Amino acid sequence: MSVKQRLQTIQQHIAKACEKTGRNASDVQIVAVTKYVSIARAKEAIDAGIVHLGESRTDGFLQKYETIGKEATWHFIGTLQSRKVKQIIDYVDYVHSLDRLSLAEEINKRANRTIKCFVQVNVSGEQSKHGLAPKDVLPFIETLSAFSRIEVVGLMTMAPYTDDEATIRRCFRTLRELKEQVQEKQLPHAPCTQLSMGMSNDYVIAVEEGATFLRLGTCLVGEEEVE
């Protein structure tokens, strides 16, 4: 199935979820996660109308950026090592994995413009996942006021990989409530209007719970053997 055909199906699911919850489908952005596919497949996503591409490895990001460049809005969605910030920060538009002060310091030091950042939250508490504990989110965001090149546009999380819809929904709802708590503070450096949550297996629930950026890989671009 082509990316365009897959996208049409996904958009139908998003539209239904938005209708169910009284949302506008245009408020939901799809980020095509191209980590496991070729440059050709990433370009197919762009040709299908996808604006946002997401990569989680610096090498893969740089390879695709070299060919695609500013045809896409670029999201770095994986764990970002501080020592690799300088390699990509001039090219990314969004960083979805800000979760520690040392990374914020490096982004602020290396960036030549304001970088839109999502603070990553480990809502599920799983040891295998990165991110801040929910109780630490607001204090962390408040400390980021010291960094002029960081704008906290929202929060990001990954739900547990499970068939238990209630568990997934609870995870996304907690993130939305955290976002609202940050918004109430009206911090100039942290408007925090966005929610990056929802992947191939749970994006419909994420939309119902308020997601504004969906990170979709397998269900949208599939998987290929990519070195």
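The values are calculated or read from the model by the stated rules, or taken from the named source; none is laboratory data. Computed from a predicted model, the values in this text were never measured in an experiment. Positions of Cβ are backbone-derived with ideal geometry, glycine not excepted, and every protein chain shown enters the neighbour counts. All accessible areas refer to the heavy atoms of the entire protein, side chains included, with ligands and DNA or RNA removed. Shrake-Rupley method; radii C 1.70, N 1.55, O 1.52, S 1.80 Å.
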Original post:
Picking from VAL31, VAL37, which residue would you name as being within 30 Å of PRO134 (Cα to Cα) and either without any contact (Cβ under 8 Å) to a residue 12 or more places away in the chain or aliphatic (A, V, I, L, M) (or both)?
Top reply: VAL31
Original post:
Of all residues in the stretch 153-166, which are under 22 Å from GLY217 (Cα atoms) and either of a type outside the set (D, E, K, R) or open to solvent by less than 10 Å² (accessible area, probe 1.4 Å) (or both)?
Top reply: GLY154, LEU155, MET156, THR157, MET158, ALA159, PRO160, TYR161, THR162
Subject >> Subset of the stretch 1-39 that is out of contact with any Leu (no Cβ under 7 Å at 6 or more places or on another chain) and among the hydrophobic types (A, V, I, L, M, F, W, C) - its residue that is nearest to VAL221 (Cα to Cα) >> reply: VAL37
**OP:** Being within 24 Å of VAL121 (Cα to Cα) and aromatic (Phe, Trp, Tyr) is the filter; apply it to the stretch 49-90 and report the residue that is nearest to the chain's Cα centre (by Cα).
**Re:** PHE76
**OP:** For residues that are more than 15 Å from LYS135 (Cβ to Cβ), more than 16 Å from the chain's Cα centre (by Cα) and not basic (Lys, Arg), tally how many sit in the stretch 168-188.
**Re:** 7
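So which residues in the stretch 121-162 are of a type in the set (Ser, Thr, Tyr) and within 18 Å of GLY210 (Cβ to Cβ), if there are any at all?
Of the stretch 121-162, the ones of a type in the set (Ser, Thr, Tyr) are 124, 128, 143, 145, 148, 157, 161-162.
Of everything in the stretch 121-162, those that are of a type in the set (Ser, Thr, Tyr) and within 18 Å of GLY210 (Cβ to Cβ) turn out to be SER124, THR157.
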Original post:
What pairs can you find where one residue is in the stretch 161-187 and within 14 Å of GLN120 (Cα to Cα) and touching a residue at least 12 places away in the same chain (Cβ under 8 Å), the other is part of a helix (DSSP H, G or I) and open to solvent by less than 40 Å² (accessible area, probe 1.4 Å), and their Cβ atoms are less than 6 Å apart, with a gap of 6+ or different chains?
Top reply: PHE172/ALA206; LEU178/VAL137; VAL182/ILE141
